[in-house]
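The values are calculated or read from the model by the stated rules, or taken from the named source; none is laboratory data. What you see is a predicted model, and the numbers here were worked out from it, not measured in a lab. All Cβ positions, glycine included, derive from the backbone under ideal geometry; neighbour counts span all protein chains shown.
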C-alpha cells in the first residue's frame, strides 16, 4: 500500500489562484481532480510537480546524527565518510561538513527513496548465462550478470534497509578480517576495505558494490548540495571546488573572465524575485516519493 | 461509471508545447479545446523564483515524470530480457503544465534539407548498397522548403537567438555555413560564449573548420514576442537544463503559447489528469478519451478530434493501449507499424582535456553558451571511402556545471572518485577540465522498436512501454570517426593533458544520461504501408486522431528535435484550421 496524504481544497485553491494571477490570464485553468472529495486522498507523487514548495528553511543547528542511525551505525557512517572525503578543521572533508547529519536526516525524512523510483516487482536476478526475453516472468527476471550494470539501478531494498544491512555487514567483515569494528580500524585499513567494497572483492559482502555506490552518492549530495539540506556546512564543499553556489546571475563579462566580487552563497542568500508578491506559505516534502505526510 | 464531460472540438493528451501551439493557433479562431495533463500546474512565478537548487532539480528530478507511477523498460535487443528504468538515467521526460519544454535546454535547430529525404539522398549520392543491412531509414514525405516558413514563424514567435549562416542562399560569416537557406535571420543575436567555447572555436578555425554559436531558444536580450509576452534576457545563472527559467529567457509553453491560448477562453487545461486510452466508435473513429483524476475517478471527455501530444514514448504507448474491436492492436497499428523506426541519439563525450590552473567558468551559462561545428554532421563531408553514413555535431561541452553531479566524474590516478588524492584533483581541477561532445544521428533498424512490456505495469495497471535499442555497426563506425576528429580538435586546444579519450563508443546503457531525444515509433510518411501517419501527423487508419512531436520522425538526425517539432506542429495547425475542420474525418492531402 502506497503512503498517501491529504491535500485540502483551500490549499489547492490558493495555489491555483497564485498561478492564474501571475500570468494574468482569464482562461480556464481548471485543476480537475483537485476538487474536495469525501476521501480526498492524493497520492504523494503529486509532490513531484509541486514546485511552489520552498526548500527547507530550518537548517539543523548542529551535526547531530540521531534521527535514523543508531549510535553504532552513526559511528560507522562517520568513519566511512571521513575516508571518502577526508578533512581537517582547516581543510574540511565530509565529516567536518556534517555529511553524516545530511544522510541521517534524508533517511529519516523519506520513507524510502528520495529520488523518483519505480519499485515494483519482478526484480532482476543475476545468472551466468544469456537468459532470453522471459515474457511471463513472475518472481524475478533472470539477467546475465555481466549485462546487468547496463540496466542501471535494479536494487530490491530501500535505502533505509540497505544502510541497516550494509553497515552491519561491514562491521561483520571488519571483525572477521581485522578483529574489530570498522570504526576501530586505522585509517589505512579502513581505506583499503572501502576500496575492496567498491571493487566487489569482499566475498562475505555480496552487494558491496551497490552499497558503496549508494553511500558515495549520498556523500556527494551531503557535501555539495545547498546547506539548507543539512550538509555542506559553511559551504565547505563549494569552497573546495571553487563554486560560488546559488547566484542569481552572471554578466557576459563574468562568463568570459570569471566571477567578479561574488561571495559564495546558498539559496537563502539569493535576492528575492518579485518581493512584492506574497509567497504561498506552504511547506511540502521535496520532490521525492513515498513520504508519509500528516498535516 | 465514468464522469462524462461536455463535448469539445479537440482534446489533447498532455499539456506540453505542441498542445499549447495548437491551442494558440486554433482556440483563438473559435475551436474549443481541452488538454489533459498528468502533472501539476507551474508558472514562472512563483514556482521558479527560488529554484537554484541542484539537489531538488538535478538529483531528485523535481520536474520529471514521477517514476514511482510509471517508467519505461529497456532491453538491448529482442532476445534479451527487459527491465524497468527504476531511477533516472538515459532520458528525462517531463510532467506538469508545459511538459518537458519547461526544463529543456533550449538548443534550437532546423534539420537540413538532406535530412528530410534521407534515403533518397544516400542512394543518389552513394547507391543503395551504402544503406546498412536491416536499416529502415526513409524519406519524411515533406521537404525543407515546405517547412521553411513554419520554422521561421516558430523561431520568431519564441524569440530565438543566433547568427544565421545562410539567408536565401547568401552565406553569412559567423553562422552555420552548412544550414539550409533561411528566409531571414534570427530575431535576437547569439548568446555569449564561455572560455572553453572560445578555445574550441579558435582551434576549429585553425583546422579549417567552421565554428558558430549554438542557435538557441533562450533570449539573449529583453524581448517582447508577437503575442505581447515580455521575456527577460538570459542571466547566465547556470541553472537551466532541468530547471524552469525565472526570467522567461528560456522559451517554454509557459511564456509563449499557453498565455495566448488561455486568454482565448476556448482552452482549458485539466491538471493531474492521466489519460488511459483513446475510445473509438463503431466506424473505428475516435470518440474521445478516458482519463483518471488525482482521486482515481474515471472521466470520459468526448471530442471530435483527439491529438496525441504527449512525449514521444507516451504517444507510442497511448496508441498501443487504445485497443478496440475496430483496432484490435491499437490505433494506427492496423498494419503493425506503431513502435517501428524508434531512434535515439549518440551523445557521450569522446575526449576530455585538463587546462591546469585555468578557470573555465563551466558553472555559469547554459547549454547554448557554446561553439559548435557542422563539418562532420549529416552528409556535409564525403562518405565515399568511409564505412558508415550520417554524421554528428561536435561541440564544446555545455556549461551550467553543478558540483553535486560532476565531482563523481573526476578520478584520481588510481581511477577512484573519493579519497585524499581525488579531493586534491577536484580542488585544483573541477573547473579546469572540459570535453568535446558529439550529438550524432541515430538510424532505425528492424530490431530496434518500442512495444508493450509483458511483465511490468504502471500505477493504473496498464503495461509499460518496452524499448528495444542498442548501437549498431554504423554508429560504432561513425563514433570511431568523429572521436578521432574530436581528438584532433582537442589537441589543437592545447590542454595540459588529455584526461579521457574513448576511441570506441561505450556500450549503450540505460543508467547514464544521453539526451531526452527519443524519436519515432509513430512515424509520418506518404503511404500507410510504411508509416503510421501522413505528413500532418494524421493517423492513416483513424483520421480524427493526430500525433504531434518527435514520435513522427522516421529517423533522428544529428540535431535536437524541438525546432522541427515546432515547425511540423505549426504546419499541422494550419492544415487543421484551413482544411480539416471543413471536411472532418477525411485524410488531408
- For region B:493-586, which strands (runs of 3 or more DSSP E) that fit wholly inside it have 2 or more residues that are at negative phi, surrounded by fewer than 24 Cβ atoms within 10 Å (Cβ to Cβ) and at pLDDT 95 or above? B:497-501
- Answer yes or no: is there a residue in region B:336-352 that is crowded, with 20+ Cβ neighbours inside 10 Å, over 27 Å from the mean Cα position of the chain (by Cα) and at pLDDT 95 or above. no
- Item | Index of the failed condition, residue B:294 passing every other in (1) within 14 Å of another protein chain (Cβ to nearest Cβ); (2) assigned to a loop (DSSP other than H, G, I, E, B); (3) surrounded by fewer than 22 Cβ atoms within 10 Å (Cβ to Cβ) | (3)
- Message: Just the residues that are closer than 22 Å to residue B:314 by Cα, at the interface with another protein chain (Cβ under 9 Å from one of its Cβ atoms) and within 22 Å of the chain's Cα centre (by Cα), please, taken from region B:245-273.
- Response: B:254, B:258
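Looking at region B:1-14 only, could you name the residues that are under 24 Å from the mean Cα position of the chain (by Cα) and in a loop (DSSP other than H, G, I, E, B)?
Residues of region B:1-14 that are under 24 Å from the mean Cα position of the chain (by Cα), as a first pass: B:11-14.
Answer for region B:1-14, where residues must be under 24 Å from the mean Cα position of the chain (by Cα) and in a loop (DSSP other than H, G, I, E, B): just B:14.
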- Of all residues in region B:508-561, how many are out of contact with any strand residue (DSSP E or B) (no Cβ under 8 Å at 6 or more places or on another chain), farther than 28 Å from residue B:67 by Cβ and touching a residue at least 60 places away in the same chain (Cβ under 8 Å)? 7
- Neighbours by Cβ (under 6 Å, 6+ apart or cross-chain): first from region B:1-19, under 15 Å from residue B:303 (Cα atoms); second at pLDDT 95 or above and surrounded by fewer than 18 Cβ atoms within 10 Å (Cβ to Cβ): B:4/B:300; B:7/B:302
- Item | Among the residues listed as A:115, A:138, the single one being outside any strand (DSSP E or B) and more than 30 Å from residue B:513 (Cβ to Cβ) | A:138
- Message: Being touching a helix residue (DSSP H, G or I) at 6+ places or on another chain (Cβ under 8 Å) and over 17 Å from residue A:104 (Cβ atoms) narrows it down to one residue among A:240, A:216; which is it?
- Response: A:240
- Task: Just name the residue that is surrounded by the fewest Cβ atoms within 10 Å (Cβ to Cβ) out of those in region B:24-51 that are more than 9 Å from chain A (Cβ to nearest Cβ) and closer than 25 Å to residue B:232 by Cα.
- Result: B:25
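Go through region A:94-112 residue by residue and tally those that are in a loop (DSSP other than H, G, I, E, B) and either touching a helix residue (DSSP H, G or I) at 6+ places or on another chain (Cβ under 6 Å) or crowded, with 24+ Cβ neighbours inside 10 Å (or both).
Count: 4.
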- Residue check: is residue A:278 surrounded by fewer than 19 Cβ atoms within 10 Å (Cβ to Cβ) and either on the phi < 0 side of the Ramachandran plot or modelled with pLDDT of 95 or more (or both)? yes
- Task: Run residue B:459 past the list (1) outside the structural domain of residue B:357 (by TED's automatic domain parsing); (2) outside any loop (DSSP other than H, G, I, E, B) and report the number of the one that doesn't hold.
- Result: (2)
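Regarding residue B:331, is this residue within 14 Å of chain A (Cβ to nearest Cβ) and touching a helix residue (DSSP H, G or I) at 6+ places or on another chain (Cβ under 6 Å)? Give the steps one after another, and end with the answer.
Working: within 14 Å of chain A (Cβ to nearest Cβ): no; touching a helix residue (DSSP H, G or I) at 6+ places or on another chain (Cβ under 6 Å): yes.
No; evaluated as a whole, the condition is false for this residue.
Quick check on my filter: what residues within region B:15-48 are in contact with a strand residue (DSSP E or B) (Cβ under 7 Å, 6 or more places away or on another chain) and either within 14 Å of residue B:100 (Cα to Cα) or part of a loop (DSSP other than H, G, I, E, B) (or both)? I'd like the intermediate steps shown before the answer.
First pass over region B:15-48, keeping only residues in contact with a strand residue (DSSP E or B) (Cβ under 7 Å, 6 or more places away or on another chain): B:15, B:19, B:22-23, B:26-27, B:31-38.
Result: B:15, B:19, B:31, B:32, B:37, B:38.
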- Quick one: residue A:206 ticks every box in (1) surrounded by 15 or more Cβ atoms within 10 Å (Cβ to Cβ); (2) under 24 Å from the mean Cα position of the chain (by Cα); (3) away from chain B (no Cβ under 14 Å) except a single one, so which number is it? (1)
- Query: When you go through (1) crowded, with 20+ Cβ neighbours inside 10 Å; (2) touching a helix residue (DSSP H, G or I) at 6+ places or on another chain (Cβ under 9 Å); (3) over 18 Å from residue B:101 (Cβ atoms) one by one for residue B:228, which number turns out not to apply?
  - Reply: (1)
- Residue count, region A:147-205, condition part of a helix (DSSP H, G or I) and out of contact with any strand residue (DSSP E or B) (no Cβ under 9 Å at 6 or more places or on another chain), comes to 37
- Message: Cβ contacts < 9 Å: first residue on the phi > 0 side of the Ramachandran plot, restricted to region B:53-66; second residue in a helix (DSSP H, G or I), any location; separation 6+ or different chain. Result?
- Response: B:61/A:48
